[in-house]
1. Sum up the charges of everything whose Cβ sits under 10 Å from the Cβ of Glu205, counting Lys and Arg as +1 and Asp and Glu as -1, but leave Glu205 out.
2. In Å, what Rg and Dmax follow from the Cα atoms of the stretch 63-211?
3. Could you give log10 I(q)/I(0) at q = 0.13, 0.19, 0.26 Å⁻¹ for the stretch 131-199, computed by the Debye formula over C-alpha point scatterers of equal weight, without solvent?
4. Once amide H atoms are placed 1.01 Å from N in the peptide plane, what residues at a sequence separation of 5 or more from Gly110, or on another chain, have their amide H within under 5 Å of its amide H?
5. Within 12 Å, Cβ to Cβ, of Gln278, how many net charges do the neighbouring residues add up to if Lys/Arg are +1 and Asp/Glu are -1?
6. As a test of the definition: which semi-axes, in Å, follow for the stretch 89-166 when you take the square root of five times each eigenvalue of its alpha carbon gyration tensor? Largest first, please.
7. Run the numbers for Ala38 and Glu367: contour at 0.36 nm per residue of separation, minus the present Cα-Cα distance, in nm.
8. Too long at a 18 Å Cα-Cα cut-off: which of Lys52/Lys280; Lys15/Lys101; Lys52/Lys219; Lys252/Lys364?
Amino acid sequence: MQTFNDLHLPEALLKSITDSGYTTPTPIQAQAIPLAVAGRDLQLSAQTGSGKTAAFVLPILTRLIESEQKSKRPRALILTPTRELALQVHEQVRKYGKELKWLFSVPLVGGAPYGGQIRALKKGVQIIIATPGRLLDHMRDERIDCGALDMLVLDEADRMLDMGFADDINAIIEALPETRQTIMSSATWDGAVGKIARRYTREPERIAIKVESAHIEEKVYFCDNAEHKNQILEHLVADPEMGQAIIFAATKRASEEIADSLRDNGFRARYLHGDLPQVKRNRIVEDLRKGKCDILVATDVAARGIDVPAISHVINYDLPRQVEDYVHRIGRSGRAGRTGTAINLCSLADRSQLSAITRYLERKIEEHRIAGLEPKVTSKPKTKPGKKFRGAPGKNYGNGKPGEKKFDGKRGGKKPFSDRKGGDRSYARKGNRV
Ligand code: AMP
């Protein structure tokens, strides 16, 4: 079996890797590190949990160590779609680079005060980890000297494009020296992300790793309606076997509702979504990491990059709208080689989405039932051929499902958990950022 020694990494990095408790490189690390150290452009397809961050961070540090000049001009830029992921990557840069006293790095993310970021840039850094919007702000104000930048990473590039960062990314890359090395990671190379890859990488080596999810047990519980779904959720989170859990909701509002209800029921639950100030988002993730909170109810965007080893369960209260998100979500459990459980609460209207997910995964997700809470409805209600079920005029239907009340958006008033109604997915479908 290959060891980190076989990758010929500098001593200082081998020490911090050993201190992190890692002995063998993951497959993506074993394949990507030698090529990246040699300066090759790369297209990485590896899911979260594969160790892909170290696969580009270790080569960046190696190349910095090996270069003669240790000036404090930015040499590497790592772009990520979300603030959480940027902070997570920054933590890994610090972890692996802890022996390098001359190394300075800064995360430039939105929602954080400008002051500290400007001070760090003035003092000088070799590595910048950033979300596109905030980086562009600094670039426009000429606070970033890109002249020496020779390593660029676009992490989760597909997601950055999904989030509407295409113009920002183009503007950023156009301002960088052409002689740089470019490493991209993405779940797909079709469409816009393929175009970016063709435009900005030179003779890239493609490395695709399929992560074994065998250490994450996947289950589905079928739900008749929102009330039934909430009863099942209540039952699941009361299980003493459950360590820390992340519950995914489709909308910000639904995440608040679910977290409030869980708190009303005595659980240490918090919600996390993109409307919260960054400082608060960081504090919540820190509380989760420190064990001050057991359940985090989150939207997709906010939960990206969360790496808390004690998370044993991921519950999809609402199934993800994009199948790739499923993999990212369940990867929040079973971190660092542990086992995890991924639970899907699937309403009738979500069954086609569940099929899309299992087709994408090329595996089945086993149905489980809770005694006394078995689903009563086993197939979709019949509608006239060729006609979509739209419900009676003037009636509210949550998620377009019959017999389910639409979430009215009113907070206030403590209700028993199972009285709460499901999240309003149509809110998210209308293009509201979650
Ligand atoms: P990532 O896919 O980069 O988000 O990493 C997933 C998790 O694996 C993180 O908690 C890393 O710290 C951890 N990790 C990275 N490399 C290794 C390795 N070689 N052996 C064990 N764990 C690792």
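The values are calculated or read from the model by the stated rules, or taken from the named source; none is laboratory data. Just so we're clear, the structure is a prediction, and the values are computed from it rather than from any experiment. Neighbour counts are summed over all protein chains in view; Cβ atoms, including those assigned to glycine, are modelled from backbone coordinates with ideal geometry. Note: accessible area is taken over every heavy atom of the protein model, side chains too, but ligands, DNA and RNA are not part of it. Shrake-Rupley method; radii C 1.70, N 1.55, O 1.52, S 1.80 Å.
1. For residues surrounding Glu205, the net value is 0.
2. 14.9, 42
3. At q = 0.13, 0.19, 0.26 Å⁻¹ the computed log10 ratios are -0.35, -0.76, -1.30.
4. Distant-sequence amide H within range of Gly110: Thr131, Arg134.
5. With Lys, Arg at +1 and Asp, Glu at -1, the neighbours total +3.
6. On the way: eigenvalues 84, 54, 30 Å².
Over the Cα atoms of the stretch 89-166, the ellipsoid semi-axes are 20, 16, 12 Å.
7. Once the chain is fully extended between Ala38 and Glu367, it gains 113.7 nm.
8. Lys52/Lys280; Lys52/Lys219; Lys252/Lys364
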